[in-house]
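Where a number appears in this text, it was derived from the coordinates with a stated rule and is not lab data. Please read these numbers as outputs of a predicted model, since none were measured by experiment. Here the Cβ positions follow ideal geometry from the backbone for every residue, glycine too, while neighbour counts run over all protein chains shown.
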Amino acid sequence: MAEILVLAEHDGESVKKVTIELVTLARRFGEPAVVWTGPGAEAAQAKLAEYGAAKVYVAAEPEFDDYVVAPKAELLAELAKEKSPAAVLLPNTAEGREVGGRLAVKTGWGLLTDVVGLEDDMTAEHVIFGGAINVMARVRTGTPIIAVRPNAIAPEPAAGPAVIEPVNYTASDESKQAKITDRVVQQRGARPELTEASIVVSGGRGVGSADNMAVIESLADSLGAAVGASRAVTDAGWYPHQFQVGQTGKTVSPQLYVAVGISGAIQHRAGMQTSKTIMVVNKDPEAPIFEVADFGLVGDAYQVVPELVAKLKK
Ligand SMILES: Cc1cc2nc3c(=O)[nH]c(=O)nc-3n(C[C@H](O)[C@H](O)[C@H](O)COP(=O)(O)OP(=O)(O)OC[C@H]3O[C@@H](n4cnc5c(N)ncnc54)[C@H](O)[C@@H]3O)c2cc1C
């Protein structure tokens, strides 16, 4: 059976959820072979095995951490040449897309980004024009390189051996031209990371003030969710920009997206409309966000959200 190369996104100890989503997806098309860059593969081996990875190619040199994305693309291109995989799957994150673009240039293969689903013949469903249109597309040149949106695939366990195979790789001088000179660790609370979360609760201008975002946070905490915000909220300084969902913010695709006091502008929808279930709280029954809602509650957020939190706490 042909291999499907899956580029692992990880923090040096554990795999990001998107990696096991990709391994789950890869099983449909061949043998999932995870490509791990830098140290930490042993710690993550059990998790990768739990989700059916057949192999884990490990290039353990710590220098991957020093040189942005170019060495990763170079390593993948070398492995792709050697292993002749049936496809290469990457996370549709800023890094995954950049690695994909570089890999496409190196191999001459076709690349599809922002993919939210794959049919059996690897026809991909992906999102264009800021989320206004979904298209089906297929790579016609070479092996498909496919960047899949985090949370688009539900991870499903299926035991695999996840055999670690060390890879001899030395980064070329060309791939070492952009060096990371410093890292600033972002302070994070106990909430899940926005793009990885299974549940996201977002607040919009209808929330009314920066102080009221605490109500959104309490709803998020009672659901174990991440907090998001519309651009109206981040532009007003009510919540930090890194939590903005939408065309110019983060793209999320959780199992449940709760939008409170958000009108549903196309630019906001572009970042959340592939969520599996969308729940809306808005006092205006004509708000466009109801067009994409699975469940809608017409009401005042000040009243509805605290009641919801109280019920959830019970
Ligand atoms: C190039 C470009 C890029 C953009 N990128 C983004 C992006 O990435 N993300 C993004 O979000 N926006 C983006 N925008 C902005 C976008 O067009 C909208 O202006 C923005 O999404 C509106 O935010 P909102 O829904 O919170 O506010 P509003 O549109 O003002 O909607 C507020 C909603 O709250 C409801 N409401 C009011 N009071 C209450 C209450 N008490 N209880 C319940 N409901 C209430 C109202 O009925 C209304 O529907 C972009 C715009 C441009 C031009």
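Computed with the Debye formula from one identical point scatterer per Cα of the chain, without solvent, the log10 of I(q)/I(0) at q = 0.06, 0.10, 0.11 Å⁻¹ comes to -0.22, -0.60, -0.72. Counting only DSSP beta bridges with both residues in the range 1-115, the antiparallel share comes to about 5 percent.
For the pair GLU78 and ALA190, label points projected 7 Å from Cα toward Cβ lie 4.4 nm apart.
Using only the C-alpha atoms, the convex hull of the range 171-242 corresponds to 139 Å³ per residue. Between the Cα long axis of helix 94-107 and the first principal axis of the chain there is an angle of about 30°, rounded to the nearest 10. Estimated from the Cβ-Cβ distance and a Förster radius of 41 angstrom, the FRET efficiency linking ALA236 and ASP66 is about 0.60. Placing R0 at 25 angstrom, the Cβ-Cβ distance between LYS314 and SER198 gives a FRET efficiency of 0.70 after rounding to 0.05. A straight Cα-to-Cα reach below 18 Å connects LYS81 with the lysines LYS55, LYS72, LYS106, residues fewer than 8 places away in its own chain not being considered. Extending 7 Å from the Cα toward the beta-carbon at both ASP211 and GLU50 defines two label points whose distance is 4.3 nm.
Helix 41-50 axis versus longest C-alpha principal axis of the chain: approximately 70°, rounded to the nearest ten. Of VAL281, VAL35, VAL167, the residue with the greatest mean-square motion in the GNM of the chain, using alpha carbon springs below 10 Å, is VAL167. Helix 17-26 and the longest principal axis of the C-alpha atoms of the chain enclose an angle of approximately 60°.
Working note: Cα atoms of the range 183-314, range along each principal axis, descending, whole Å: 46, 35, 28. Ranked by the mean number of other Cβ atoms within 10 Å per residue, highest first, peptides 68-75, 20-27, 112-119 order as 20-27, 68-75, 112-119. Taking amide H as placed 1.01 Å from N in the peptide plane, VAL163 has its amide H under 5 Å from the amide H of LYS55, VAL56, each at least 5 places away in sequence or on another chain.
When the pairs LYS276/LYS313; LYS176/LYS276; LYS179/LYS276; LYS283/LYS314 are compared against a 32 Å limit on Cα-Cα distance, LYS176/LYS276; LYS179/LYS276 fall above it. As an equivalent ellipsoid, the range 108-236 spans semi-axes of 35, 23, 19 angstrom, where each value is the square root of five times an eigenvalue of the C-alpha gyration tensor, largest first. Rounded to whole Å, give me the distance from the Cα center of the range 152-179 to that of the range 191-245. Result: 33 Å between the Cα centres. What FRET efficiency comes out for ALA132 versus SER172 if R0 is 41 angstrom and r is the Cβ-Cβ distance? Round to the nearest 0.05. Calculated value: 0.50.
For the chain, a Gaussian network of Cα nodes joined below 10 Å ranks ARG183, ARG231, ARG140 by mean-square fluctuation, and the top entry is ARG183. With both labels modelled 7 Å from their Cα along Cα-to-Cβ, the ASP294 to THR123 distance reads 2.5 nm.
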